[in-house]
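Here's the structure, in structure tokens; my notes come after.
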Amino acid sequence: MSRVGLKPPMNGFGSLGELVGLLLTAAAAGLLTVVGALTENAGIADLLAGPSVFGLWEVGMGALLLYVGIYMLGYRRVWLGLRAAVAR
């Protein structure tokens, strides 16, 4: 293609594969965030019912899922990826 001066079509994200990857990462971030919030809620409910090691485990796992969903995927991959793509 480059011998005749044509460039591959660009959509602002570099390629369609990059866009699809970003959308899948956003969906995974949303899913992990929802599951983390539900796990936190269940853990707090277990702890309010009485002292429970399982309730503590649920609160810890919920916090981990929220961290991964919101910060690791949502902010570091999706948000910064969108900002980098728009800046191009």
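Quick notes on this structure:
- For the stretch 48-76, a residue qualifies if it is of a type outside the set (A, V, I, L, M) and over 14 Å from the mean Cα position of the chain (by Cα), and the qualifying residues are 50, 51, 52, 54, 55, 57, 58, 60, 62.
- Members of the stretch 1-59 that are modelled with pLDDT under 90, polar (S, T, N, Q) and not in a helix (DSSP H, G or I): 11, 15
- Selection over the stretch 41-71 of residues that are free of Cβ contacts under 8 Å to residues at least 12 places away in the same chain and either touching a His at 6+ places or on another chain (Cβ under 8 Å) or hydrophobic (A, V, I, L, M, F, W, C) (or both) gives a count of 5.
- Residue within the stretch 68-75 that is of a type outside the set (A, V, I, L, M, F, W, C), modelled with pLDDT of 95 or more and in contact with a Lys or Arg (Cβ under 6 Å, 6 or more places away or on another chain) present: no
The values are calculated or read from the model by the stated rules, or taken from the named source; none is laboratory data. Please read these numbers as outputs of a predicted model, since none were measured by experiment. All Cβ positions, even for glycine, are placed from backbone atoms using ideal geometry, and neighbour counts span all protein chains on display.
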